[in-house]
Amino acid sequence: MEMEEEIKEEQKKEKKKKNKKIKVGFPISFKLITIFSILVICVLGFSTAMVYYFVSDDEGKKAQTNNQDINTRTSQTIQQLFQNVQGNVNGYLNTLLVLEDDITYEEKASLLFADLCNRNPEIAFIYTSQKGMIGEADFLKAHPSALGMFENWLNTNDKIKNAVLYGRNRVENISQLFQEPLICILFNHYNSEVGKNEIAVVGFSVQKYIDVLSTGTYNTTYIINEDGKVLIHPDNTKIMNAEDFSKLAGIKAIKEKDNQQSIYADDKGVEWFYAGEPILDRTMYVVTCADKAVVFETIQKTTYWIVLISVAVLFFAIIIIRFFSRSLTAPIERLVDATSSIEAGDYDIHIKARTHDEIGYLTKNFMNMTVGLSERQRLMTSFSKFTNRIVAEKAASGELDLGGVTKRATIFFSDIRSFTAMSEKLKPQEIVDFLNDYMTRMVNCVTRTNGVVDKYIGDSIMAVWGGAITSGSASTDAWHAVKTALLMRVALFEFNALRKKEGKAPVKIGCGINTGDVVAGQIGSSERMEYTVIGDAVNLASRTEALNKPFATDILITENTYKLIKNRVIVKEMPPVHVKGKSDAIKIYAVINAIGVKGPSNIDELRQFLGNQTPDLSKVDTDEEEKKYQIQA
């Protein structure tokens with residue numbers, strides 16, 4: 001009553017603050033008539049996108065066309081220059097052959113070379129395999145060992161040398177050889193004097209060719225040889241380093257398809273417009289490229305300003321919408337406060353629908369939902385009595401029948417050997433720390449195979465496959481249980497390795513597994529319940545675990561489990577065991593290993609791995625502990 005009075009008083013205060021009361025029945029769409037601002041933003045956004053798309057497409061096509069035009073012009077110019085140089089050198093070499101017997105040969109040869117250099121000032125030297133090297137004076141002065149250096153380079157590049165001798169011209173970057181920007185053309189020249197082909201080479205400076213490279217506002221043109229190495233480039237560093245562009249996607253495309261032009265990313269992820277054309281019988285490629293980001297920079301700036309304007313419009317639209325939508329936000333704020341209370345666990349909420357519009361409808365449904373959540377919370381509080389979270393969640397969601405149900409399940413028990421003696425030597429906190437560390441490792445093995453830990457019994461663990469959760473078949477559940485035991489074996493080995501480093505004694509465990517029919521359901525008192533399984537199959541699993549000590553094993557399974565997984569494991573049949581309440585002897589199997597997994601392959605190797613002595617079963621009194629079984633002779 002006191003809460004209701006406070007709510008009424010708050011409502012009166014809100015009414016006084018408002019000059020006008022919103023009429024009941026108005027739809028939200030009418031209250032938000034100022035939504036036009038959002039439409040404006042949508043229009044601006046759509047217009048911006050369309051402008052960017054179409055203008056970008058147009059600019060891209062222009063960039064490609066411009067790229068191609070520049071590349072074509074440059075290719076024609078460069079090819080003509082190279083052909084002129086090669087033709088002039090051929091003419092010079094042929095003239096030398098005619099003058100070979102002339103007594104003034106040396107003088108005329110020098111004059112001819114001087115004339116050749118005058119017409120082609122970029123030439124640095126000419127070399128033939130028969131005549132050696134003749135070079136421009138400044139070049140020879142700067143490189144007195146030029147002949148030896150070049151011949152040594154040529155002789156160490158058999159691929160180039162053989163290609164030229166077989167009639168394939170080559171163009172190579174020799175800048176690193178002479179430490180200045182130089183390239184050379186290697187071609188096959190017929191020497192009529194000796195009656196055979198010889199290698200002719202003309203080396204020349206690239207500066208003239210750099211000057212004639214056509215460039216645009218955004219474009220860069222360069223030349224590579226057939227191997228993809230830079231010959232001529234506006235960046236002198238790339239020439240000197242003879243950089244290799246062969247791995248660039250754009251270069252690969254150009255070499256595969258003549259006149260290829262498209263957009264490709266370089267090794268740094270930067271996108272470029274590429275255009276390329278081969279010249280001189282594909283000995284060289286003229287490449288023109290333009291940075292896509294630079295091409296679209298103006299468009300991006302325009303788009304940026306449009307976006308800024310759109311943001312400004314949006315800002316003013318929000319102010320207007322906020323002014324006219326108070327009638328909408330007030331009830332929504334009350335709903336938000338209510339959700340915060342629910343989040344904090346308080347379901348005692350009272351909100352009345354004040355309108356008959358969509359908000360009023362939402363408020364009514366919200367209150368109905370609150371009632372449902374309150375009931376669910378009550379159920380969850382009840383389910384918290386279960387010891388297993390997975391079981392509780394399945395029960396709460398209706399996936400689990402809380403009544404007694406007969407199921408085919410595989411039950412697993414594990415126990416630490418001689419834990420009582422071990423715990424007597426430890427302080428209480430040390431015992432807790434040890435168990436927490438040990439249980440965490442072992443339970444992790446259970447959860448990895450979708451098992452459910454049923455309960456902890458001191459240092460023992462009971463787990464079930466096929467009870468609350470099943471993998472779909474009894475054989476799969478059985479295999480998961482055995483797999484868990486094998487995982488525990490590995491986890492225990494790692495755990496003991498850490499204990500050994502700390503100077504602590506190793507831990508040994510025993511695991512018992514049985515498959516059979518059980519009754520699954522909730523058992524307990526009105527104060528606390530747990531979802532568990534009971535039945536003879538559970539008892540047999542527990543008793544099977546206890547047999548590990550006299551048998552000197554760590555994992556024992558019953559015949560029921562073995563039949564379901566016999567194609568997956570290596571086992572050793574143990575002597576049959578009489579269990580109280582059973583007329584027939586129970587067959588027990590020691591699990592040695594999973595088939596195909598590295599590790600023990602027989603019982604002796606297993607016991608050696610476990611550090612257990614082979615027992616003399618004829619002298620073992622298996623009734624000493626539980627008095628529930630006896631070894632059948």
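The values are calculated or read from the model by the stated rules, or taken from the named source; none is laboratory data. The model shown is predicted, which means the values in this text are computed figures rather than measured ones. Please note: Cβ atoms are built from the backbone with ideal geometry, for glycine as well, and neighbour counts cover all protein chains shown. Please note that ligands, DNA and RNA were not included when accessible areas were found on the heavy atoms of the full protein model with its side chains. Shrake-Rupley method; radii C 1.70, N 1.55, O 1.52, S 1.80 Å.
Among what's in the range 471-484 and is in contact with a Gly (Cβ under 9 Å, 6 or more places away or on another chain) and closer than 29 Å to V507 by Cα, pick the residue that is most open to solvent (accessible area, probe 1.4 Å). Per the stated criteria, the residue is H480.
The numbered conditions (1) of a type in the set (V, I, T); (2) surrounded by 18 or more Cβ atoms within 10 Å (Cβ to Cβ); (3) part of a loop (DSSP other than H, G, I, E, B); (4) under 41 Å from the mean Cα position of the chain (by Cα) are all true for I570 except (3). Listed by position, the helices (runs of 4 or more DSSP H) contained in the range 274-375 that have at least 2 residues being modelled with pLDDT under 75 and either open to solvent by less than 60 Å² (accessible area, probe 1.4 Å) or of a type in the set (D, E) (or both) are 297-324, 326-343.
Would you check which residues across the range 213-226 are in contact with a Lys or Arg (Cβ under 8 Å, 6 or more places away or on another chain), at pLDDT 80 or above and open to solvent by less than 40 Å² (accessible area, probe 1.4 Å) and list them? Can you show your working first?
The first filter runs over the range 213-226 and keeps only residues in contact with a Lys or Arg (Cβ under 8 Å, 6 or more places away or on another chain), leaving 214, 222, 225-226.
Those left that are additionally at pLDDT 80 or above: 222, 225-226.
Across the range 213-226, the qualifying residues are Y222, N225.
Here V164 meets each of (1) in contact with a Leu (Cβ under 9 Å, 6 or more places away or on another chain); (2) assigned to a strand (DSSP E or B); (3) over 30 Å from N66 (Cβ atoms) with one exception, condition (2). In the set (1) farther than 17 Å from A468 by Cα; (2) buried (at least 18 other Cβ atoms within 10 Å of the Cβ); (3) of a type in the set (F, W, Y), the condition left unmet by F493 is number (2). Just name the residue that is surrounded by the most Cβ atoms within 10 Å (Cβ to Cβ) out of those in the range 421-450 that are within 33 Å of the chain's Cα centre (by Cα) and of a type in the set (V, I, T). Out of the qualifying residues, it is V446. Among the residues of the range 538-550, those that are more than 15 Å from F609 (Cβ to Cβ) and either assigned to a helix (DSSP H, G or I) or basic (K, R) (or both) comprise V538, N539, L540, A541, S542, R543, T544, E545, A546, K549, P550.
The set of residues in the range 160-212 being at pLDDT below 90, out of contact with any Asp or Glu (no Cβ under 9 Å at 6 or more places or on another chain), farther than 19 Å from R282 by Cα and open to solvent by 40 Å² or more (accessible area, probe 1.4 Å) consists of S192, V194, G195, K196, N197, D211, V212.
Are any of the residues in the range 3-15 of a type outside the set (S, T, N, Q), modelled with pLDDT under 65, more than 30 Å from A137 (Cα to Cα) and surrounded by 15 or more Cβ atoms within 10 Å (Cβ to Cβ)?
Our first condition is that a residue be of a type outside the set (S, T, N, Q); within the range 3-15, this holds for 3-10, 12-15.
Next cut, modelled with pLDDT under 65 only: 3-10, 12-15.
From what is left, the residues that are more than 30 Å from A137 (Cα to Cα) are 3-10, 12-15.
Checking which are surrounded by 15 or more Cβ atoms within 10 Å (Cβ to Cβ) leaves us with none.
Within the range 3-15 (the criterion being of a type outside the set (S, T, N, Q), modelled with pLDDT under 65, more than 30 Å from A137 (Cα to Cα) and surrounded by 15 or more Cβ atoms within 10 Å (Cβ to Cβ)), the answer is no, since none of the residues qualifies.
For the range 577-586, give me the residue count where each residue is of a type outside the set (S, T, Y) and either without any contact (Cβ under 8 Å) to a residue 24 or more places away in the chain or open to solvent by 40 Å² or more (accessible area, probe 1.4 Å) (or both).
If we filter the range 577-586 for residues that are of a type outside the set (S, T, Y), which is where we start, we get 577-582, 584-586.
From what's left, either without any contact (Cβ under 8 Å) to a residue 24 or more places away in the chain or open to solvent by 40 Å² or more (accessible area, probe 1.4 Å) (or both): 578, 580-582, 584.
Qualifying residue count, the range 577-586: 5.
Taking the range 227-247 as the range and being touching a Lys or Arg at 6+ places or on another chain (Cβ under 6 Å) and open to solvent by 30 Å² or more (accessible area, probe 1.4 Å) as the test, only D244 passes.
Could you go through the range 451-463 and let me know if any residue there is open to solvent by less than 30 Å² (accessible area, probe 1.4 Å) and more than 39 Å from the chain's Cα centre (by Cα).
Within the range 451-463, the subset open to solvent by less than 30 Å² (accessible area, probe 1.4 Å) is 451-454, 459-463.
From the residues that got through so far, the ones that are more than 39 Å from the chain's Cα centre (by Cα) too are 459-460.
Within the range 451-463 (the criterion being open to solvent by less than 30 Å² (accessible area, probe 1.4 Å) and more than 39 Å from the chain's Cα centre (by Cα)), the answer is yes, since at least one residue qualifies.
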